[in-house]
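First up is the structure itself, then whatever we jot down about it.
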Amino acid sequence: MIKQEWRVLYLILDGYPTFRPDVAALWGRYLPQEGVYSDLSTIEVPKSDPAPLWGGGKAMVYSRPANRIKEQLGSFFHDYRVLSQAPENTYDAIQVRDKSFVCIPAMWAAKRLGVPFFYWMSFPMAESLAMLAGRLNPWREFPRWIFLWVRGHIGGALLRRYILPRCDHVFVQSDKMLSDLVALGLSPDNMTPVPMCIDPERFKALPAGEKINIAPKTIGYLGECSRVRRIDFLFKALGHVRKKNPNVRLLIVGGATDDADRQWLRDCMEEEGVAEFVIMTGWLPSEEVLPHFAQVDLALALMAPDPLLDSTTPTKLVEYLAMGLPVVANDHPDQNLVLSESGAGLTTPFDPIAYGDAILTLLEDDQLRLDMAQKGRPYVFAKRSYPQMASNLACVYKRLLSKRGRK
């Protein structure tokens, strides 16, 4: 008789409680409804309130030390203890997300327990760490440089040459990431793309209300505004838009966490002459985002050209569509795919003039904007929602896990 419930020992990098929806919503809420449960091994995220119970099973959490290097080493040994103490006949698989070195003891534990080993790659983490190391001066910041260099270069080589080829299955972020790994020699039959989706619990109804901004037309951006996100691009596009339509303002729900980046944002706005036409709220609780976006006529999706980002699937894009907003986005594999399939927006090259012209096209055509707005929400609820993804993913796990029983 085929078992109806499955349990995965899941080692994650992000910490707990996690804000990552592909952990919190997918694994904590919707996969358990499909009979796929998980026990987390991770490090704590500092929080004033007690951490909520993990909806997928139990969370085995390591207390975070103040020192960054001690944190990473402590996290490794915490995972090692969890793996070495994992009891037989409890787990159907062991899975690691975005870590490399701990995969070795995880693979040994999977062999000891007689269960498959899976890897979940949400981002090309090793390549990102190697890039960060390359930007540092090793003579001035040697401890951080060597730490990033080892995790990026040695961890990346370990992952590509030893771990991924020996995984029973690899879960990737996108079709682009899948094709990148196929180019390294992995079989496409041994991988499953799991793009970022929306949690419909957050988008049960569209926000209703009057626009509270002075500007007749408001364009909106949601998310992080650090320098690497190239938000100055949006200020350039706004400057171009206002030359043809001076009654347009930009609402940014989000901000930068670094003082230098916040000053950089102010300098960029002043340089482009748009400072008085940009409203920046800073970081807000998720429940306050929808009321602010009730003011927005169209939303902006921005992914600066970067080989590391090409394999990602931006969350904000599908959240915009769930809000019932038309979108202007720059060229990016997943943004192009979502907007071409849904018909809910326009894409342009990474050029502020072309991007600004696309904004003007939608702002000046109310019917086109309305038509696009009506297409996005049904699309994401049908193809990019976590309940739907959980149902599909549960079939993958059950197919993989039904091939072998517990030891």
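The values are calculated or read from the model by the stated rules, or taken from the named source; none is laboratory data. A quick note: this is a predicted structure, and the numbers were derived from the prediction, not measured. All Cβ positions, even for glycine, are placed from backbone atoms using ideal geometry, and neighbour counts span all protein chains on display. With ligands, DNA and RNA removed, areas are computed over all heavy atoms of the protein, side chains included. Shrake-Rupley method; radii C 1.70, N 1.55, O 1.52, S 1.80 Å.
Data table
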read-out	value
Three-way shape label, segment 35-131, alpha-carbon gyration tensor, a/c 1.5	oblate
Crossing angle, helix 352-363 versus the chain [Cα axis fit, 0-90 degrees, rounded to tens]	70 degrees
Cα gyration tensor shape for segment 101-215, rounded if a/c is under 1.5, else prolate or oblate	oblate
Links that overshoot a 20 Å alpha carbon limit, given the list 70/99; 217/244; 176/204; 244/316	176/204; 244/316
Label selected from (1) 68, 58, 45; (2) 73, 46, 35; (3) 113, 41, 41, the criterion being Cα extents along the principal axes in Å as computed here	(1)
Segment 1-102: chymotrypsin sites (Phe, Trp or Tyr not before Pro) in DSSP coil with no more than 11 other Cβ atoms inside 10 Å	19
Sorted peptide list for 125-138, 371-384, criterion being average Cβ within 10 angstrom, highest first	371-384, 125-138
Per residue accessible area of the chain, 1.4 Å probe, in Å²	46 Å²
Two-site FRET efficiency, residue 310 against residue 88, from Cβ-Cβ distance with R₀ of 51 Å, rounded to 0.05	0.75
Computed helical MRE - 222 nm, the chain, DSSP H runs ≥ 4 contributing -39500 (n - 2.57), nearest 500	-12000 deg cm²/dmol
Segment 290-407 - convex hull of the alpha-carbon atoms, volume per residue in Å³	133 Å³
Crossing angle, helix 366-383 versus the chain [Cα axis fit, 0-90 degrees, rounded to tens]	10 degrees
At most 13 other Cβ within 10 Å, DSSP loop - GluC sites (Glu not before Pro), segment 319-407	364
About the Cα centre, charge dipole magnitude for segment 189-338 (Lys/Arg +1, Asp/Glu -1 at Cβ), debye	620 debye
Given charges at beta-carbon only (K, R positive; D, E negative), |dipole| of segment 129-271 in Debye	400 debye
Degrees between helix 333-342 axis and first principal axis of the chain (Cα, 0 to 90, nearest 10)	70 degrees
Of 302, 350, 363, farthest towards positive along the dipole that unit charges on Lys, Arg, Asp, Glu beta carbons give segment 294-407	302
